[in-house]
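All remarks here apply to the structure that follows.
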Amino acid sequence: MSKSCDASVATDPLAAALQRQFGWSDFRPGQREVIEALLAGQDALAVLPTGGGKSLCYQLPAVLRQGLVVVVSPLVALMQDQVGQLLARGVAAACLHRDLPTVERLDLGQRLRQGRMRLLYLAPERLQLSSTRQMLEEQHGGGRLVALAVDEAHCISAWGHDFRPDYRRIGHLRELCSGVPLVALSATAAPQVRADIIRLLRLRRPLLQVHSARRSNLAYAMVLRPADPLPVVLEALQQARGARLIYARTRRAVEAWTQRLQQVGLEAVAYHAGLEPAQRRQALAHFLGREQPVLVATVAFGMGVDRADVGLVLHLELPVSPEAYLQESGRAGRDGLPARCLVLYSSGDRIRLGWALAAQRDNEADRLRSHLAQRQLRRMEAIAEGDGCREQALLQAVGELVAACGRCDACERADGQRRDWSEQASQVLAALAQQDGLELNVLKRELAERQHQGEGHWGWLARRLVQEELIAESDDGAQRLYLRPTGRTYLRRPWPLHWAA
Ligand SMILES: Nc1ncnc2c1ncn2[C@@H]1O[C@H](COP(=O)(O)OP(=O)(O)OP(=O)(O)O)[C@@H](O)[C@H]1O
Ligand SMILES: [Mg+2]
Ligand SMILES: [Zn+2]
């Protein structure tokens with residue numbers, strides 16, 4: 001280490017603590033600002049990219065002050081992962097969740113009372129329990145509470161991609177622990193979601209650290225899934241460095257794909273919520289310990305699992321929303337080296353997912369959420385089927401405007417493949433103009449009978465026109481199509497529609 005570096009560490013207690021406890025010499029963008037705000041008693045909202053180092057923002061203040069930081073986090077697996085990492089660094093940490101054995105709970109209570117705990121992770125529903133409230137009041141009364149942290153804070157917003165009703169109650173924390181600074185953290189929070197976070201968590205004049213969600217080392221590709229995707233999957237696996245993560249939607253699909261890969265000689269391992277805890281631990285150990293593991297999982301896996309050299313994140317189906325996809329793909333390349341994010345989608349994916357969403361609505365709030373979810377799904381499909389820059393489109397969905405990335409498959413595709421579809425678009429719109437709502441299947445058939453192109457082609461074009469908001473589509477999964485007012489305008493005065501085929 002150079003003299004000047006020594007000097008800066010000597011005069012800078014934050015840098016010294018970072019070096020001493022974590023062994024790192026520099027803060028990442030946004031970290032220092034958030035830490036300083038918390039130490040000064042100010043609330044903060046940190047929107048930093050996936051793998052950007054959000055955890056440090058609330059971990060370091062606890063270490064520096066030798067006090068307690070309480071962290072609300074949505075998943076037990078995520079908490080356990082962080083607790084494990086902290087313990088390995090010699091920082092006292094624990095998580096409090098439903099399945100904690102009584103002996104451990106009592107021990108934890110004692111260590112808390114003795115002020116020997118630095119980080120305590122809580123599932124949001126714990127905040128409803130009087131025992132938890134009492135514990136918080138005690139810690140607060142004893143002057144030990146340094147800060148409160150709400151990780152994955154987008155879960156509080158119905159506009160967010162992973163809404164958790166329990167998160168709504170976190171606002172009560174404020175009353176219990178008045179005067180304690182609160183930091184909310186997320187990698188993907190569109191402006192609307194940020195506003196929800198600030199309002200619902202009652203942040204007081206928070207420091208805002210909003211950094212670009214752009215991950216300049218990730219190369220996105222979204223391709224139509226072939227009838228048998230195995231060759232494409234194998235090729236992608238072969239080309240990728242480091243660990244490889246494959247996402248399937250259902251447990252059944254996870255099992256089936258794991259088997260298929262094993263049959264061709266790959267040491268693939270399955271991970272989903274239906275496995276026994278021991279099996280899950282084994283799968284996780286495999287993923288973290290092997291040199292080039294292949295893990296097939298449902299998307300619940302990966303949140304908080306911090307393996308730096310993931311070279312490939314492959315989705316076997318359309319992700320449910322741009323935000324969710326940014327999170328999931330963000331598990332790739334956390335070491336900053338190039339990594340690939342591949343989506344294999346098909347036109348049936350959205351319908352299947354859409355039906356699943358439509359099945360879940362019993363009351364008004366559910367219906368609103370289902371409506372939002374359908375919209376998110378459409379936006380995701382539009383990005384996959386569109387021919388614009390993937391990264392640009394994904395980031396636009398979280399309210400960020402950036403130039404085309406130059407790395408994704410769409411950017412690499414030659415512009416020459418684009419053509420103007422306005423004439424055929426008019427044919428689709430004209431067919432709809434004669435009816436008051438028409439099912440996609442009927443429309444496809446009618447057009448295929450009259451024109452020489454097949455049903456698949458007309459289906460694709462109709463979906464593009466839904467994405468362009470010239471056609472409306474029913475939310476119930478039945479795919480009834482209606483002409484929108486803009487569609488009528490288009491029929492009177494069409495404009496060019498340039499897309500790749
Ligand atoms: N200042 C730093 N210097 C070097 N490495 C760091 C620094 N801060 C964090 N890291 C490392 O970066 C990785 C990502 O950190 P972390 O898990 O906190 O990211 P995150 O922002 O919470 O991401 P996600 O949104 O995916 O949860 C970890 O391996 C962490 O140890
Ligand atoms: Mg995190
Ligand atoms: Zn691009």
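No lab work stands behind these numbers, since they all come straight from the coordinates. Just so you know, these numbers come straight off a predicted model, no measurement behind them. Note that we place each Cβ from the backbone using ideal geometry, even for glycine, and neighbour counts take in every protein chain shown.
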Fraction of alpha-carbon pairs in the range 7-210 farther than 22 Å apart, rounded to whole percent, equals 44
Starting at the first residue of the range 231-237, write each ³J(HN,Hα) from the Karplus equation 6.51 cos²θ - 1.76 cosθ + 1.60 with θ = phi - 60°, in whole Hz, x for Gly and Pro. x, 5, 4, 4, 4, 4, 4
Suppose a student asked you for the relative contact order of the chain, using Cα pairs under 8 Å spaced at least 6 residues apart; what percent would you report? 13
What translational diffusion coefficient, to the nearest whole µm²/s, does the chain have by Stokes-Einstein, given a Kirkwood radius computed over alpha-carbon pairs, a temperature of 37 °C and 0.692 mPa s viscosity? 133
Angle between the Cα long axis of helix 191-200 and the longest principal axis of the chain, 0 to 90 degrees, nearest 10? 40
Among 117, 380, which comes first, then next, by fewest other beta-carbon atoms within 10 Å? 117, 380
How much net charge surrounds residue 444 when only other residues with a Cβ under 14 Å from its Cβ are counted (Lys, Arg +1; Asp, Glu -1)? 0
Apply the a/c threshold of 1.5 to the C-alpha gyration tensor of the range 274-428 and tell me whether it is rounded, prolate or oblate. oblate
For residue 306, the net charge from surrounding residues (Cβ-Cβ under 10 Å; K, R +1; D, E -1) works out to +2
Could you give the nm distance between label points at residue 337 and residue 291, where each point is 7 Å from its Cα heading toward the beta carbon? 1.2
For a label point 7 Å along the Cα-to-beta-carbon line of residue 235, residues of the range 333-356 with backbone N under 17 Å: 340-346
Send over the per residue convex hull volume for the range 240-290, Cα only, as a whole number of Å³. 80
Between the range 445-501 and the range 395-410, what's the alpha-carbon centroid distance in Å? 25
Quick one: Karplus J couplings for the range 326-341, per residue in order, coefficients 6.51, -1.76, 1.60, θ = phi - 60°, nearest Hz, x for Gly and Pro? 4, 5, 5, 5, x, 6, 7, x, 6, 7, x, 8, x, 8, 10, 10
Could you sort 391-400, 284-293 so that the peptide with the highest average Cβ count within 10 Å comes first and the rest follow in order? 391-400, 284-293
